[in-house]
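Working notes, structure below.
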Amino acid sequence: MRTVLNILNFVLGGFATTLSWLLATLVSVVLIFTLPLTRSCWEITKLSLVPFGNEAVHVDELEPGSKNALMNTGGTLLNILWLIFFGWWLCLMHIVAGIAQCITIIGIPVGIANFKIAAIALWPVGRRVVPVEVAPCCA
């Protein structure tokens, strides 16, 4: 079922959102001061391409004992830079794609996945994409 939904995602606009994430990844590599954002951008690119069967979790959830105040402050500053340069337009792109997908009944699950990625697009630094079997239970 995941494979069918991932193919449906790709056909109904997932290719456009993934290309946007790839563009943001390339721009973050080219601009020297945004180079630290590249890892997070690449992680969410994978999620945009294959949203079903994967989950974006915060690094602190994967390694509970690794909380570092300096790292959290640096992550917050990077997230603010991300929001200014990339986050707002990637979020809007996922919202538009999600609305377009929800118009069709068959695209509703894919649209919901895009809305989840839109929220992640605003504040992605510190997130890793892992298979749902590996993701810790966050209920």
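The values are calculated or read from the model by the stated rules, or taken from the named source; none is laboratory data. Since we're looking at a predicted model, the values are computed, not measured. Side chains are part of the model used for accessible areas, which takes the heavy atoms of the whole protein and leaves out ligands, DNA and RNA. Shrake-Rupley method; radii C 1.70, N 1.55, O 1.52, S 1.80 Å.
Helical runs assigned H by DSSP (4 residues or longer) give the chain a calculated mean residue ellipticity at 222 nm of -19000 deg cm²/dmol, each run adding -39500 (n - 2.57) before division by the residue total. Tell me the relative contact order for the chain as a rounded percent, counting alpha carbon contacts under 8 Å between residues six or more apart. Reported as a whole number, the value is 34 percent.
Average accessible surface for the chain: 56 Å² per residue, computed with a 1.4 Å probe over protein heavy atoms with every protein chain in place.
How far is the Cα center of region 13-61 from the Cα center of region 77-139, in Å? For region 13-61 versus region 77-139, the Cα centre distance is 10 Å. The stretch between residue 5 and residue 58, if pulled fully straight at 0.36 nm per residue, gains 16.7 nm over its current Cα-Cα span. Extension gain, residue 89 to residue 103, is 2.9 nm, computed as 0.36 nm per intervening residue step minus the present C-alpha separation.
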